[in-house]
Structures are given as structure tokens and as C-alpha cells.
Amino acid sequence: MARIAGVTLPDARPAHIALTAIFGIGRPTAMAILASAKVDPAKRAKDLTDVELDRIRVVVDTMKVEGDLRLAITQNVRRLKETGSYRGLRHMHNLPVRGQRTKTNARTRKGKRKTVGSGRKPTGQKT
């Protein structure tokens, strides 16, 4: 049972996939970490030796992952809100931040508010 950066890695997975359990490490970063630590990416996490785990830990300790990364992201969003930037206002109002359309779609960010129709009145409606 390998623990790196306070996260228990899944034993049955290959090392390059198991490292993605750590927040802030994706597949390309995991491959780079294993290359610099000189560890075979196809090796299962349960088969890693203590020496290999220590080499991986040394590399991961130089990166911003888990709690430190979450804190940095939160501080960046807070800074945008405080400065009143356009992106900060979008964050405040729970709207998409990166230029997506909101007339249709954007349900994930805006939330389900009410039944949404096409906006078109039915034909033959009596008024």
C-alpha cells in the first residue's frame, strides 16, 4: 500500500495510472514523474519497491499538488472576485467563465432552474 502526498495509491493499477489519484497529476505529468524517477510506468503500484517510491516522492514533493494546489486555485478565484474582473463576476454569478454560450446549454454551471422549452410558442395557440 503506497502513500504519496497523503494519498493512498490504488494497488492494482499501473504506476502511471495510480499516480493520477493525486490531485494535480494527470497522465502526462505522471509519465514525466516516472521518467525522472527512473521507474517503469507499466509496473503495478503494489510492485513498486521502497527505493522507487522514495524517488517518486522526491519528485512529487517539488510540485504543487493536493492541498497546496487547491488552496492556490481558491486564492486565484478569490483574487479575481475581489478585483471585480469580468472572470471574477462570472465566478460570483455561477456562470461559465471561459466564453461558452449561455442561451442554450450551460446547464451544469447554471443549474437546473425550471422546465426549459425551445422558447417558441406552439402553433395554433388560442389567445
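The values are calculated or read from the model by the stated rules, or taken from the named source; none is laboratory data. Just so it is clear, the structure is predicted and the values come from calculations on it, not from any experiment. Cβ atoms come from the backbone with ideal geometry, glycine included; neighbour counts cover every protein chain shown.
Give all pairs with beta carbons closer than 6 Å in which a residue from the range 55-78 that is free of Cβ contacts under 8 Å to residues at least 24 places away in the same chain meets a residue that is surrounded by 13 or more Cβ atoms within 10 Å (Cβ to Cβ) and of a type outside the set (D, E, K, R); count only pairs at least 6 apart in sequence or on separate chains. Cβ pairs passing all conditions: Arg55/Ala37; Val77/His91. Among the helices (runs of 4 or more DSSP H) confined to the range 1-99, the ones with at least 3 residues that are hydrophobic (A, V, I, L, M, F, W, C) and touching a helix residue (DSSP H, G or I) at 6+ places or on another chain (Cβ under 8 Å) are located at 15-18, 27-36, 50-61. The residues on offer are Asp54, Asp47, Asp68, and the sole one that is among the acidic types (Asp, Glu) and closer than 30 Å to Lys110 by Cα is Asp68.
Sort out which residues of the range 4-63 are of a type in the set (Lys, Arg) and in contact with a Ser or Thr (Cβ under 7 Å, 6 or more places away or on another chain), and write them in order of number. Scanning the range 4-63 gives a single hit, Arg27.
Selection of first residues in the range 94-105 that are closer than 18 Å to Asn76 by Cβ and of second residues that are loosely packed, with under 10 Cβ neighbours inside 10 Å, restricted to Cβ pairs under 8 Å at least 6 apart or on distinct chains, gives the following pairs, ordered by first then second residue: Asn94/Gly111. Does Ser85 fit the bill of being more than 30 Å from Arg3 (Cβ to Cβ) and at pLDDT 90 or above? Yes. Anything in the range 63-82 that is exposed (fewer than 11 other Cβ atoms within 10 Å of the Cβ) and modelled with pLDDT under 95? List them, or say none. Result: no residue meets the conditions. Among the residues making up the range 1-34, those that are modelled with pLDDT of 95 or more and loosely packed, with under 13 Cβ neighbours inside 10 Å are Gly26, Arg27, Pro28. Only one of the numbered conditions (1) in contact with a Lys or Arg (Cβ under 8 Å, 6 or more places away or on another chain); (2) surrounded by 12 or more Cβ atoms within 10 Å (Cβ to Cβ) is violated by Pro41, and that is (1).
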